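Every read-out reported here was derived from the displayed coordinates using simple, explicitly stated rules and does not represent laboratory data. As the structure is a computational prediction, the values presented were derived from the model and not from experiment. Ideal geometry is used to build each Cβ from the backbone, glycine not excepted, and the neighbour counts take in all protein chains shown.
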Amino acid sequence: MGRRTGARAGGDGLEARAIAAVRRALLRWYARTARDLPWRRAPDPYRVWVSETMLQQTQVERVCDAFGRFLDSFPTVSALAAAEESAVLRAWEGLGYYRRARQLHAAARVVVAEHGGRLPEDDGALRRLPGIGRYTAGAIRSIALGQPAPIVEANSRRVLARLVGHRAEVGGAADEPLWQVAARLVPPRGAGAFNQALMDLGATVCTPRAPRCPRCPLLGHCRAHAGGLTGSIPRLPRPRAAEVREETALVIRHAEHVLVEQRRPGEWWEGLWDFPRLPASGLAGLRPGPPHEIGRIVYTVTHHRITLRVVVRRAARRTKLAPPRAWVSVADLAGLALSSPGRRIARMLADDGTEPPPRRRSRYVPAPGTTSSSAREKKRA
Ligand code: SF4
């Protein structure tokens with residue numbers, strides 16, 4: 001972006017005329033090329049909130065699949081607030097990072113209890129809700145409410161950094177200069193379209209590797225392109241090295257039932273059901289037979305790469321279990337909110353000759369002998 005005498009420019013060097021030109025170019029491009037995504041068809045605050053929460057750390061294609069399913073189960077904030085956590089987690093399957101689902105659920109309850117079931121419209125009140133940060137609040141305010149609120153997420157951050165030639169490292173607090181650029185660029189009218197255009201441009205044209213600059217509406221304004229710096233901007237923090245480890249999952253089986261346990265607070269997949277990991281205590285009373293390995297699963301959680309050995313042991317009897325453990329039939333695994341490796345083990349069991357029925361959507365089948373979380377809450381009350 002060139003400098004002009006007499007034009008007001010911030011620390012990023014953006015002058016008023018260039019800002020107007022960037023807005024125009026981006027909005028025209030978006031009018032021609034906007035992606036048809038399910039949550040864009042009726043962008044009310046609830047749908048924008050759900051979709052933006054899903055889109056954090058999850059690819060658009062996966063979110064497209066999950067969004068409609070989630071909205072069918074929980075069409076309103078009130079419906080989400082009234083749901084059991086296990087049903088919300090079940091509907092979240094396939095998206096990972098379940099903390100987002102728990103926070104969405106907790107925030108829905110606050111919205112119903114404190115805001116009459118309507119999402120608040122101001123930045124401070126939105127950001128006091130569990131799981132809503134600066135980005136999500138900006139997306140809700142701009143896309144659903146038309147307020148001129150800036151956003152910075154992975155795609156828009158890349159576009160903004162390249163546009164202004166921002167050479168410093170980005171990420172977390174280091175994104176502050178880019179938030180300032182975004183705040184100067186977002187137009188007073190059409191903020192939602194502008195922010196979505198930024199994200200679309202980053203997703204489809206200004207990609208991490210080999211950006212398609214000749215097709216970019218911002219080509220004439222872009223400092224990274226002009227300076228041959230698209231390969232080095234944005235400068236991302238060095239990724240943490242993966243920690244490799246091996247674990248063993250234990251499938252204790254008695255006839256058509258298997259033993260599952262619910263992940264405790266603070267554990268990965270908190271609130272979801274899974275198979276016990278070795279070493280597992282408190283199983284002596286089952287008098288399980290010798291282990292029989294049925295396969296291995298490799299998966300990644302945060303920066304851990306885990307090889308999970310899956311062994312089956314036949315129990316001599318089905319003893320009474322106390323929560324968080326329960327017996328559940330192999331058929332009912334399909335309706336249970338399982339962790340991601342737990343779901344894969346359930347499929348292995350199906351291949352082992354006991355096929356679970358097709359997955360039931362968002363339906364939680366409490367395991368025999370257990371009490372659902374909402375029932376426990378009612379009992380406590
Ligand atoms: S010109 Fe190239 S680097 Fe610059 S914003 Fe467009 S696609 Fe990205």
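Given a Förster distance of 30 Å, report the FRET efficiency between ARG287 and ASP351 from their Cβ-Cβ distance, rounded to the nearest 0.05.
Details: r = 27 Å, r/R0 = 0.89.
That pair, ARG287 with ASP351, gives E of 0.65.
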Q) In what order do LEU250, LEU37 fall by count of nearby beta-carbon atoms within 10 Å, going from fewest to most? A) LEU37, LEU250
Q.
Within 13 Å, Cβ to Cβ, of THR307, how many net charges do the neighbouring residues add up to if Lys/Arg are +1 and Asp/Glu are -1?
A. +2
**Q.** Using a Förster distance of 56 Å, the FRET efficiency for GLU61-ALA316 (Cβ separation, nearest 0.05)
**A.** 0.75
Q: Report ³J(HN,Hα) in whole Hz for each residue of the stretch 181-196, in order, from the Karplus equation J = 6.51 cos²θ - 1.76 cosθ + 1.60 where θ = phi - 60°; Gly and Pro get x.
A: 4, 4, 5, 6, 7, 4, x, x, 10, x, 5, x, 5, 4, 5, 5
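Kindly identify the stretch 134-180 as rounded, prolate or oblate by the Cα gyration tensor criterion: order the square roots of the eigenvalues as a ≥ b ≥ c, call it rounded if a/c is under 1.5, otherwise compare a/b with b/c, prolate if a/b is larger, else oblate. Write out the running numbers ahead of the final one.
Working: a/c = 2.66, a/b = 2.04, b/c = 1.30.
Prolate is the answer for the stretch 134-180, as a/c is 1.5 or above and a/b outweighs b/c.
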Q. How far, in degrees from 0 to 90, does helix 99-115 lean away from the longest principal axis of the Cα atoms of the chain, to the nearest 10?
A. 70 degrees
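Calculate for the chain the 222 nm mean residue ellipticity that helices alone would give, adding -39,500 (n - 2.57) per DSSP H run of length 4 or more and normalising by residue count, nearest 500 deg cm²/dmol.
Working: 14 runs with 144 residues, N = 381.
Rounded to the nearest 500, it is -11000 deg cm²/dmol.
Looking at the chain, what % of its DSSP beta bridges pair antiparallel, to the nearest 5? Don't skip to the answer; put the middle values down first.
Working: 20 of 33 bridges.
So the antiparallel bridges amount to about 60 percent of the total.
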Q) To one decimal place, what Kirkwood hydrodynamic radius in Å is obtained for the stretch 44-132 from all pairs of distinct Cα atoms? A) 12.9 Å
Q | Amide H contacts of VAL312 (H built 1.01 Å from N, under 5 Å, at least 5 apart or other chain) | A | VAL251, HIS292, GLU293, ILE294
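Relative contact order for the chain using alpha-carbon pairs under 8 Å, separation at least 6, rounded to a whole percent? Before the final figure, lay out the partial values.
Values: 609 pairs, mean separation 60.1, N = 381.
Rounded, it is 16 percent for the chain.
Could you calculate the contour length gain from ALA174 to ALA255, that is, 0.36 nm times the residue separation minus the distance between their Cα atoms, to one decimal place in nm?
23.5 nm
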**Q.** Expected-Rg normalisation [2.2 N^0.38 Å, Cα atoms] applied to the chain
**A.** 1.17
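Among ARG17, ARG223, which comes first, then next, by fewest other beta-carbon atoms within 10 Å?
Least to most surrounded, the residues fall as ARG17, ARG223.
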